[in-house]
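Data block below; observations after.
The values are calculated or read from the model by the stated rules, or taken from the named source; none is laboratory data. Owing to the predicted nature of the structure, the values given are computational and were not obtained by experimental measurement. Neighbour counts are summed over all protein chains in view; Cβ atoms, including those assigned to glycine, are modelled from backbone coordinates with ideal geometry.
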Amino acid sequence: MSRTIIVSNRLPTKAHRTEGGLDFTPSEGGLATGLGSIYRADGNIWIGWPGLVVEEPAEQQHVIDQLQADSMRPVFLTETEIRDFYEGFSNETLWPTFHYFSQYAVFDQQQWEAYVAVNEKFCEAVLQEAGPEDTIWVHDYQLLLLPEMVRKARPDSSIGFFLHIPFPSHEIIRAMPWREQLLKGMLGADLIGFHTYGYMRHFLSAVSQLLGYSSQNGMIEAGTRSVLVDAFPMGIDYDKYAELAASQAAIQSEQTYREALGNVRVILSIDRLDYTKGIAQRLLAYELMLQRYPEWREQVTLFMLVVPSRDQVEKYKELKEEIDELVGRITSTYRTLSWNPVQYFYRSFPIEDLAGLYRLAEVALVTPMRDGMNLVAKEFVACKGDRPGVLILSERAGAARELSDAIIINPSDMPQVAEAMHEALIMPEQEQRQRMASMQALVQQYNVHHWVQLFMDRLTYSKIKQQTLATTKLDAEVLHEMVEKYRKAKQRLLFLDYDGTLAPFTKNPQKARPDEDLLQLLRALSADENNRVVIISGRDRSTLQEWLGHLPLDFIAEHGVWYKSRDEEWTMAQALRSDWKLEIRPILAMHVSRTAGSFIEEKDYSLVWHYRRADAELAAVRARELISHLNFLATNNDLQVMEGNKVVEVKSTGVNKGVAAARWLANYPEANFILAMGDDRTDEDTFRAMPEDAFTVKVGGTGRSLALYHLSTTNEVRRTLRALL
Ligand SMILES: O=P(O)(O)OC[C@H]1O[C@H](O[C@H]2O[C@H](CO)[C@@H](O)[C@H](O)[C@H]2O)[C@H](O)[C@@H](O)[C@@H]1O
Ligand SMILES: O=c1ccn([C@@H]2O[C@H](COP(=O)(O)OP(=O)(O)O)[C@@H](O)[C@H]2O)c(=O)[nH]1
Ligand SMILES: [Mg+2]
């Protein structure tokens with residue numbers, strides 16, 4: 001049976017040293033709490049670090065035994081590894097960078113090397129545990145290199161990767177050394193998931209601009225593999241929290257807090273100690289609220305739970321001091337003998353107490369500067385049951401993309417946050433209930449089970465998609481079958497692309513004239529009265545006319561703008577506009593001036609930027625920039641941006657070789673031998689339009705295509721066509 005092997009830096013259980021030996025408790029943090037309750041099914045296991053340095057072999061064995069009983073497999077990290085891999089590269093380089101705190105990021109070669117080495121250590125553990133049938137699901141930023149490492153050892157395995165933190169703009173990513181290695185590490189997976197479409201878009205543009213890989217519908221062409229990317233906003237175990245909140249333990253805990261706090265309104269704040277969570281800014285906003293609305297003094301308290309986290313990292317130590325100071329200042333300024341403006345706890349609470357607090361609080365204040373998702377917001381909603389309550393949520397938490405019935409704020413706008421607190425405290429109960437109910441419906445439906453299911457379904461889809469893109473070599477056996485079918489057929493259609501298929505590429509496209517050998521071949525093919533030979537090309541019609549017009553061929557030019565039947569004149573398939581050229585031409589011209597050797601080709605209804613002659617590396621980057629710029633303009637102008645072999649082409653939507661080929665096919669319902677050959681992206685549209693029994697042949701490249709077969713060179717194409725004669 002196939003299992004899922006979950007791999008993350010931290011296990012959902014952590015070991016502690018106590019006087020009596022080792023103790024085991026649940027881990028904090030969204031990844032562990034979110035997935036912790038469901039991975040155990042179906043023989044799945046979880047591989048990760050147990051949160052403590054354990055070096056003594058007997059003690060390690062004890063940890064292994066304890067965790068094994070709960071389907072976990074520990075990876076032990078040494079003190080040095082914790083310093084350089086966990087506190088170092090993971091939390092002083094990647095964490096700040098990915099959360100837009102680049103000014104905090106440390107770039108240290110030794111830490112990078114530790115990161116590589118620990119990822120390898122995890123890889124060994126995975127290879128020991130996972131069988132060939134198992135699905136491997138890697139989690140989060142501490143293990144960005146792991147998918148590629150596992151892929152190298154197990155090329156066919158099914159590997160998913162999910163990033164729990166934001167993926168920032170490529171401008172931020174490009175500032176990092178090792179950026180290519182990190183991106184390629186992730187691309188070892190078959191599916192890469194993010195919490196939001198925003199993060200996903202950033203990833204696609206980073207991969208495009210930094211590695212030169214293009215994508216379509218979330219499928220990245222990463223060298224010889226394709227990798228699917230998608231957004232999966234993580235949910236929580238809704239029923240677990242709802243039930244917990246209704247339990248005696250939670251009700252009891254709520255009562256205890258209520259009695260201790262007296263009759264004040266409670267604003268709740270829960271996070272790990274982290275500068276991304278905006279804890280200090282939140283305190284300042286609360287202070288501002290008390291200044292602006294003195295009527296709330298002695299009427300409200302901020303119940304602030306800060307869970308210790310990464311406390312050996314310098315920036316976290318500094319933050320702890322800052323928070324202590326702020327709490328001290330606010331308390332000493334505003335407190336009275338019977339009232340505390342802030343109830344501040346620096347420790348972690350058992351889950352029943354958290355549920356009690358979620359029940360108790362009138363307002364939850366979740367105001368991170370950046371947060372991948374933020375599960376606390378969702379837990380608050382799930383625990384509220386049919387009682388009122390208001391969520392104030394930062395627009396920079398992933399959760400804000402879903403919880404639009406919260407009061408959404410900009411966490412840097414202190415006055416806005418202060419006003420939001422006031423607004424929440426005076427919000428009519430009816431409105432609170434309405435907003436809460438609609439958020440509950442969402443959090444309940446998109447729960448963590450749903451999340452896992454969606455991810456796994458997409459992983460399966462990615463595998464299937466990869467299969468359909470695999471082609472087989474057009475070898476002697478296939479050729480034999482092809483020739484047989486050709487001989488028997490009475491009506492044959494041959495769709496032949498020109499550049500890269502019939503003729504090899506030249507530095508200057510005007511030099512790719514057909515040679516005598518090719519002309520002879522086409523003459524012979526079209527001489528057979530059972531054949532219609534269609535040159536289906538992106539080239540302009542006058543060039544095709546000049547080079548091949550004297551032969552009895554059919555033509556589809558400019559990817560389908562123009563048609564010509566053997567004995568007829570050129571006609572246009574549909575009315576098109578070209579006035580958009582005025583706007584687009586200067587953009588291409590600017591790219592020409594920035595990229596030596598590139599040039600513009602102008603056709604009747606399209607503009608093309610050619611970069612074959614430019615410096616390959618520079619041009620690849622420029623091409624990505626141009627595509628992203630053009631795509632931005634294209635949608636509003638009914639234009640499409642097509643990528644060919646070392647060309648970027650802009651033309652009207654609705655024009656492509658697939659539409660053109662389909663139109664042609666409709667004219668020949670009797671055709672019983674159909675062949676389509678092509679080499680680039682635009683030929684994929686032709687392949688897609690072909691009936692199932694057609695011979696479709698991709699020429700060159702990695703051989704990955706919608707076509708059934710592949711050939712390597714234009715010479716092989718000609719040899720194949722000659723074999724038919
Ligand atoms: O393992 P730690 O260093 O103690 O840190 C705890 C975890 O924090 C991060 O959680 C993230 O995942 C949540 C669920 O997807 C998400 O809601 C939140 O926004 C993220 O910050 C981190 O990503 C985990 O790897 C850590 O284990
Ligand atoms: O004392 C505590 C306080 C919080 N949490 C949990 O820690 C998680 C925090 O996840 P979130 O996604 O909000 O942020 P992260 O810490 O992962 O960045 C939530 O499930 C909380 O219930 C916990 O286990 N113990
Ligand atoms: Mg071509």
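Looking only at residues that are touching a Ser or Thr at 6+ places or on another chain (Cβ under 9 Å) and assigned to a helix (DSSP H, G or I) in the range 609-620, which one is modelled with the lowest pLDDT?
Among those that are touching a Ser or Thr at 6+ places or on another chain (Cβ under 9 Å) and assigned to a helix (DSSP H, G or I), it is L618.
Scan the range 469-508 for residues that are exposed (fewer than 13 other Cβ atoms within 10 Å of the Cβ) and assigned to a helix (DSSP H, G or I) and jot them down.
A476, E477, H480, E481, E484, R487, K488
Just for helices (runs of 4 or more DSSP H) wholly inside the range 204-302: which have at least 2 residues that are in contact (Cβ under 8 Å) with a residue 12 or more places away in the chain, crowded, with 22+ Cβ neighbours inside 10 Å and in contact with a strand residue (DSSP E or B) (Cβ under 8 Å, 6 or more places away or on another chain)?
On the way: elements: 238-246, 248-261, 279-292.
Passing ranges, in order: 279-292.
Can you pull out every residue in the range 566-598 that is farther than 30 Å from R663 by Cβ and crowded, with 17+ Cβ neighbours inside 10 Å?
H591, V592, T595, S598
Any idea how many residues of the range 184-198 are surrounded by fewer than 22 Cβ atoms within 10 Å (Cβ to Cβ) and under 14 Å from L163 (Cβ atoms)? Explain how you work it out, then say what you get.
The initial filter retains those residues of the range 184-198 that are surrounded by fewer than 22 Cβ atoms within 10 Å (Cβ to Cβ), namely 184, 196-198.
Retained after the next criterion (residues that are under 14 Å from L163 (Cβ atoms)): 196-198.
Summing the residues that are surrounded by fewer than 22 Cβ atoms within 10 Å (Cβ to Cβ) and under 14 Å from L163 (Cβ atoms) in the range 184-198 gives 3.
Conditions tested, residue by residue: (1) free of Cβ contacts under 8 Å to residues at least 12 places away in the same chain; (2) touching a Gly at 6+ places or on another chain (Cβ under 6 Å); (3) outside any loop (DSSP other than H, G, I, E, B); (4) surrounded by fewer than 19 Cβ atoms within 10 Å (Cβ to Cβ).
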| residue | (1), (2), (3), (4) |
| --- | --- |
| V443 | no, no, yes, no |
| H449 | no, no, yes, yes |
| M456 | no, no, yes, yes |
| R513 | no, no, no, yes |
| L522 | no, no, yes, no |
| I535 | no, no, yes, no |
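Would you be able to say whether some residue in the range 456-479 is of a type outside the set (K, R) and within 16 Å of ligand 1 (Cβ to nearest atom)?
Looking for residues that are of a type outside the set (K, R) and within 16 Å of ligand 1 (Cβ to nearest atom), one finds none in the range 456-479, hence no.
Answer with yes or no whether T472 is touching a strand residue (DSSP E or B) at 6+ places or on another chain (Cβ under 9 Å), of a type in the set (S, T, N, Q) and over 27 Å from T196 (Cβ atoms). Show your work before the answer.
On the way: touching a strand residue (DSSP E or B) at 6+ places or on another chain (Cβ under 9 Å): yes; of a type in the set (S, T, N, Q): yes; over 27 Å from T196 (Cβ atoms): yes.
Considered against the rule, which asks whether it is touching a strand residue (DSSP E or B) at 6+ places or on another chain (Cβ under 9 Å), of a type in the set (S, T, N, Q) and over 27 Å from T196 (Cβ atoms), T472 comes out as yes.
Among the numbered conditions (1) touching a residue at least 40 places away in the same chain (Cβ under 8 Å); (2) touching a Leu at 6+ places or on another chain (Cβ under 9 Å), tell me where L626 comes up short.
Unmet for L626, out of (1) touching a residue at least 40 places away in the same chain (Cβ under 8 Å); (2) touching a Leu at 6+ places or on another chain (Cβ under 9 Å): (1).
Give all pairs with beta carbons closer than 7 Å in which a residue from the range 99-113 that is not assigned by TED's automatic domain parsing to the domain that holds G372 and at pLDDT 95 or above meets a residue that is assigned to a loop (DSSP other than H, G, I, E, B) and of a type outside the set (F, W, Y); count only pairs at least 6 apart in sequence or on separate chains.
From residues that are not assigned by TED's automatic domain parsing to the domain that holds G372 and at pLDDT 95 or above, the pairs are H99/I165; H99/P166; H99/R370; Y100/P168; Y100/R370; S102/A175; F107/P177.
How do the helices (runs of 4 or more DSSP H) wholly within the range 25-117 filter down when requiring 1 or more residues that are of a type outside the set (A, V, I, L, M), over 21 Å from T4 (Cα atoms) and in contact with a strand residue (DSSP E or B) (Cβ under 8 Å, 6 or more places away or on another chain): which remain?
Ranges flagged: 57-68.
From A377, A382, A364, which residue is within 25 Å of H164 (Cα to Cα), in a strand (DSSP E or B) and away from ligand 3 (no atom under 16 Å from the Cβ)? Show your work before the answer.
Values: A377 fails: in a strand (DSSP E or B); A382 fails: in a strand (DSSP E or B).
Of A377, A382, A364, the one residue that is within 25 Å of H164 (Cα to Cα), in a strand (DSSP E or B) and away from ligand 3 (no atom under 16 Å from the Cβ) is A364.
Sort out which residues of the range 462-479 are touching a residue at least 12 places away in the same chain (Cβ under 8 Å) and either among the aromatic types (F, W, Y) or over 15 Å from F687 (Cα atoms) (or both), and write them in order of number.
S462, K463, K465, Q466, K473, L474, V478, L479, listed by residue number.
Taking the range 124-175, which residues are out of contact with any helix residue (DSSP H, G or I) (no Cβ under 8 Å at 6 or more places or on another chain) and either under 22 Å from F101 (Cα atoms) or within 16 Å of ligand 2 (Cβ to nearest atom) (or both)?
Of everything in the range 124-175, just one residue is out of contact with any helix residue (DSSP H, G or I) (no Cβ under 8 Å at 6 or more places or on another chain) and either under 22 Å from F101 (Cα atoms) or within 16 Å of ligand 2 (Cβ to nearest atom) (or both), namely E171.
With the checklist (1) surrounded by 16 or more Cβ atoms within 10 Å (Cβ to Cβ); (2) without any contact (Cβ under 8 Å) to a residue 60 or more places away in the chain in hand, flag the one item E56 doesn't pass.
Unmet for E56, out of (1) surrounded by 16 or more Cβ atoms within 10 Å (Cβ to Cβ); (2) without any contact (Cβ under 8 Å) to a residue 60 or more places away in the chain: (1).
Could you check how many residues of the range 623-669 are outside any helix (DSSP H, G or I) and more than 16 Å from M690 (Cβ to Cβ)?
18
Out of curiosity, is R433 of a type in the set (K, R) and either within 27 Å of the chain's Cα centre (by Cα) or assigned by TED's automatic domain parsing to the domain that holds T196 (or both)?
When the stated conditions are applied, R433 does not pass them.
For the list (1) hydrophobic (A, V, I, L, M, F, W, C); (2) closer than 20 Å to T33 by Cβ; (3) touching a residue at least 60 places away in the same chain (Cβ under 8 Å), I need the number of the one condition that M369 fails.
Unmet condition: (2).
Looking at (1) of a type in the set (A, V, I, L, M, F, W, C); (2) out of contact with any helix residue (DSSP H, G or I) (no Cβ under 7 Å at 6 or more places or on another chain); (3) not assigned by TED's automatic domain parsing to the domain that holds L708, which is the only condition A476 fails?
(3)
Among what's in the range 188-202 and is assigned to a helix (DSSP H, G or I) and within 14 Å of ligand 1 (Cβ to nearest atom), pick the residue that is nearest to D140 (Cα to Cα).
Kept after step one, since they are assigned to a helix (DSSP H, G or I), are these residues of the range 188-202: 197-202.
Okay, now just the ones that are also within 14 Å of ligand 1 (Cβ to nearest atom), so 198-199.
Numbers: G198: 17, Y199: 13 Å.
This residue is Y199.
Table: residues versus (1) under 20 Å from V307 (Cα atoms); (2) outside the structural domain of L35 (by TED's automatic domain parsing); (3) within 42 Å of the chain's Cα centre (by Cα).
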position	(1), (2), (3)
Y334	no, yes, no
P341	yes, yes, no
Y344	yes, yes, yes
F349	yes, yes, yes
E352	yes, yes, yes
V366	yes, yes, yes
M369	yes, yes, yes
G372	yes, yes, yes
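In the list N645, N636, N667, which residue meets the criterion of being within 27 Å of the chain's Cα centre (by Cα) and either free of Cβ contacts under 8 Å to residues at least 12 places away in the same chain or assigned by TED's automatic domain parsing to the domain that holds V561 (or both)?
Among N645, N636, N667, only N636 is within 27 Å of the chain's Cα centre (by Cα) and either free of Cβ contacts under 8 Å to residues at least 12 places away in the same chain or assigned by TED's automatic domain parsing to the domain that holds V561 (or both).
Does the range 156-168 contain at least one residue that is part of a helix (DSSP H, G or I) and out of contact with any Asp or Glu (no Cβ under 6 Å at 6 or more places or on another chain)?
No.
Rundown of residues vs (1) touching a Leu at 6+ places or on another chain (Cβ under 6 Å); (2) at positive phi; (3) within 12 Å of ligand 1 (Cβ to nearest atom), yes/no style:
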{"site": "G356", "(1), (2), (3)": "no, no, no"}
{"site": "L360", "(1), (2), (3)": "no, no, no"}
{"site": "V366", "(1), (2), (3)": "yes, no, yes"}
{"site": "D371", "(1), (2), (3)": "no, no, yes"}
{"site": "L375", "(1), (2), (3)": "no, no, yes"}
{"site": "L391", "(1), (2), (3)": "no, no, no"}
{"site": "S394", "(1), (2), (3)": "no, no, yes"}
{"site": "G398", "(1), (2), (3)": "no, no, yes"}
{"site": "R401", "(1), (2), (3)": "no, no, no"}
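For Y316, indicate whether it is out of contact with any Ser or Thr (no Cβ under 8 Å at 6 or more places or on another chain) and touching a residue at least 12 places away in the same chain (Cβ under 8 Å).
no
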